[in-house]
Amino acid sequence: MTQSPSQGPVVEVKPQPNVYTILLLVAVIALAVAIGMCFWRLTAASPVGYGLEIRNFFDALTSPR
C-alpha cells in the first residue's frame, strides 16, 4: 500500500463576503431607513405630518359614520 505525501497543517480561511452579501446589507439598511421615515412622518405633529400616536397603529379599525 502506498502512502500519499504528507502535507502540513490545514489552515481554514474565512470566506470573503461577496457582492450578494453587500447588496443584501444595503437592501436591509434601505428598508430600515424607509420604515423609519414613514413612521416619523405618520407620527410627526407638524403641517407635513399626520400627528398619529403610537397607539393608533394598534387600535381596531372603525369605519366612519
From DSSP H assignment alone, runs of 4+ in the chain each adding -39500 (n - 2.57), the sum over residues rounded to the nearest 500 puts [θ] at 222 nm at -13500 deg cm²/dmol
Hey, what angle do you get for helix 19-43 against the long axis of the chain, alpha-carbon based, 0 to 90 degrees rounded to 10? 20 degrees
Output needed for the chain: three equivalent-ellipsoid semi-axes, defined as square roots of 5 times the C-alpha gyration tensor eigenvalues, in descending order, whole Å. 58, 15, 9
What distance in nm separates the simple spin-label points at Trp40 and Phe57, each placed 7 Å from Cα in the Cβ direction? 1.4 nm
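Every number in this text was worked out from the coordinates using simple rules, so none of it is lab data. Model, not experiment: these values are computed from the prediction. With ideal geometry, Cβ positions are generated from the backbone for all residues, glycine too; neighbour counts draw on all protein chains shown.
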